[in-house]
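Visitor: There's a structure below that I have some questions on.
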Amino acid sequence: PGYDETVASNGMAEITQDIDGAKALLAEAGVKNPRVRMMFAEGNIRRENQFDLVKPALEEAGFKMVDARNVDWGSKLGDGTYDAVFFGWQSTSTAVTESQATFGTGGLNNLVGYSNEAVDGLFDQLKVETDPAAQAQIQADIDKILVEDAVGLTIFQFPSVAAWNSSRIEGVVPAPLSPTIFHGYWNWSVPS
């Protein structure tokens, strides 16, 4: 609920590749060929392909991309040995404040040290708001600020498929959260 409204108002739809704009921002900042250490999971083909796809455009814009793939990337999150990282969050809750741990000041999952008083204030409002429409609006307001602050960039949502043979098993109800298809396995049964 609220996804379509949030996407329509958060600004992500307007984000496009703008190499000339990136060059202008670097020139305005007085920075020439900044070195960017991009960390991601070594051996994760999806992340390795992401790096290979973005590197040419970023280097054309003036960034010197450094491949910082690492088999221990997970233990390095938040340690300051990289400038940017490819990884994904998998939500395990549908609570309205679920993302506060990631985007709230000092949050447990806030591995980039992001801090914005407006976002923190909105999360405080969200904690006590019981009206679903108001909750959706607060979440959309938070999302808009996160997009404006460029805290992260959603590159894609990994698709999920739940399939089963209904003549061999019934009671399967896939869930959008971890553990996805294995949710509710205790309700599964073999048809009579």
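Visitor: Check every one of the helices (runs of 4 or more DSSP H) wholly within the range 1-61 and list those with 3 or more residues that are among the aliphatic types (A, V, I, L, M).
Guide: Passing ranges, in order: 19-29, 45-61.
Visitor: Restrict the check to the range 77-93 and report whether at least one residue is aliphatic (A, V, I, L, M) and more than 17 Å from the chain's Cα centre (by Cα).
Guide: Scanning the range 77-93, I find no residue that is aliphatic (A, V, I, L, M) and more than 17 Å from the chain's Cα centre (by Cα), so the answer is no.
Visitor: A follow-up question, please. Taking the range 96-117, which residues are surrounded by 11 or more Cβ atoms within 10 Å (Cβ to Cβ) and of a type outside the set (Ser, Thr, Tyr)?
Guide: To start, the set of residues in the range 96-117 that are surrounded by 11 or more Cβ atoms within 10 Å (Cβ to Cβ) comprises 96-105, 107, 109-112, 114-116.
Val96, Glu98, Gln100, Ala101, Phe103, Gly104, Gly107, Asn109, Asn110, Leu111, Val112, Asn116, listed by residue number.
Visitor: Let me spell it out: the conditions are (1) buried (at least 17 other Cβ atoms within 10 Å of the Cβ); (2) under 27 Å from Asp131 (Cα atoms), and Trp73 meets all of them except one. Which number is the exception?
Guide: All conditions are met except number (2).
Visitor: Pick from Val161, Val147: which is in contact (Cβ under 8 Å) with a residue 40 or more places away in the chain, closer than 30 Å to Ala13 by Cα and not polar (S, T, N, Q)?
Guide: Only one candidate qualifies: Val147.
Visitor: Another question about this same structure. Collect the residues in the range 62-81 that are farther than 26 Å from Ala22 by Cα, at pLDDT 90 or above and of a type in the set (Asp, Glu), keeping them in residue-number order.
Guide: Listed by number, the list holds a single entry, Asp72.
Visitor: Can you find, within the range 126-181, the residue that is modelled with the lowest pLDDT among those that are open to solvent by 80 Å² or more (accessible area, probe 1.4 Å) and in contact with an Asp or Glu (Cβ under 9 Å, 6 or more places away or on another chain)?
Guide: So the residue we want is Trp164.
Visitor: Considering Ala134, Ala95, Ala101, which residue is in a loop (DSSP other than H, G, I, E, B) and free of Cβ contacts under 8 Å to residues at least 40 places away in the same chain?
Guide: Ala95
Visitor: Report, ordered by the first and then the second residue, all pairs with beta carbons closer than 7 Å, sequence separation of six or more or different chains, a first member in the range 56-75 that is under 29 Å from Gln90 (Cβ atoms) and of a type in the set (Lys, Arg), and a second member that is part of a loop (DSSP other than H, G, I, E, B) and open to solvent by less than 40 Å² (accessible area, probe 1.4 Å).
Guide: Going by the 7 Å Cβ cut-off, the qualifying pairs are Arg69/Phe40.
The values are calculated or read from the model by the stated rules, or taken from the named source; none is laboratory data. Computed from a predicted model, the values in this text were never measured in an experiment. Cβ coordinates were reconstructed from backbone atoms using ideal geometry, including for glycine residues, and neighbour counts include every protein chain displayed. Accessible surface is based on the protein model in full, side chains and every heavy atom, while ligands, DNA and RNA are left aside. Shrake-Rupley method; radii C 1.70, N 1.55, O 1.52, S 1.80 Å.
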